[in-house]
1. Order by neighbour count: Val87, Val115, Val67, Val51, fewest other Cβ atoms within 10 Å first, most last.
2. Exposure proxy check: Tyr94, Tyr43 ranked by fewest other beta carbons within 10 Å?
3. Give me Glu93, Glu110, Glu61 sorted ascending by neighbouring Cβ count inside 10 Å, so fewest comes first.
4. Out of residues 5 or more away from Tyr120 or on other chains, whose amide H comes under 5 Å of its own, with H placed 1.01 Å from N in the peptide plane?
5. In nm, to one decimal, how far is the Leu100 label point from the Arg12 one, both placed 7 Å along Cα→Cβ?
6. Sequence-distant or interchain residues sharing an amide H contact under 5 Å with Phe39, placed H: which?
7. Under 12 Å Cα-Cα from Lys123, which aspartates and glutamates qualify once same-chain neighbours fewer than 8 residues away are excluded?
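Every read-out reported here was derived from the displayed coordinates using simple, explicitly stated rules and does not represent laboratory data. Here the structure is a predicted model, which is why all the values come from computation and not from measurement. Every residue, glycine as well, gets a Cβ built from its backbone with ideal geometry; the counts of neighbours run over all protein chains shown.
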Amino acid sequence: MGLRSWWRGFLRRRAEAAARRRTGHGATVVEGAPQVPQFAPGYPLSDWEEVAPYTPVDPAEHKVACVVAASIAAGDYPESSWRVKRVLVPNPEYRRVATLASAVAAGASEESSFVVKRVYRQKTLEETHHAS
């Protein structure tokens with residue numbers, strides 16, 4: 001592989017990545033149909049919502065978390081001051097789904113490792129789930 005072929009491939013991959021970002025997180029677009037971003041054929045991106053990896057701490061517990069975080073961060077510098085802007089905790093739903101997805105994806109390959117970048121859940125419409 002020469003320098004020119006590497007450079008050509010690099011530029012092609014960069015253009016493809018920019019096109020994926022424009023259409024929405026690796027979504028595919030069906031040709032000939034209205035331009036609706038989709039995860040897969042038949043699964044429009046508008047029917048899904050992203051699950052946040054971290055959630056805000058309950059305001060009642062916020063003060064304790066700020067004091068503990070600031071005291072740990074200060075360490076041996078008691079003259080320093082810290083300002084904690086927000087406190088977040090791991091989202092248990094995100095962790096559960098990421099763990100299960102990576103375990104299933106690993107399958108029989110014990111040496112493999114995976115990184116879960118995003119977790120989505122299907123939006124539920126309350127008006128479709130009630131008895132009439």
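1. Values: Val87 18, Val115 6, Val67 12, Val51 15.
By the 10 Å Cβ count, ascending, the order reads Val115, Val67, Val51, Val87.
2. On the way: Tyr94 19, Tyr43 13.
Arranged by neighbour count, lowest to highest, Tyr94, Tyr43 become Tyr43, Tyr94.
3. Working: Glu93 14, Glu110 6, Glu61 11.
By the 10 Å Cβ count, ascending: Glu110, Glu61, Glu93.
4. Val51
5. The modelled label-to-label distance comes out at 3.9 nm.
6. For Phe39, whose amide H was placed from the backbone, the distant partners under 5 Å are Thr28, Leu45.
7. Filter leaves Asp47, Glu49, Glu50.
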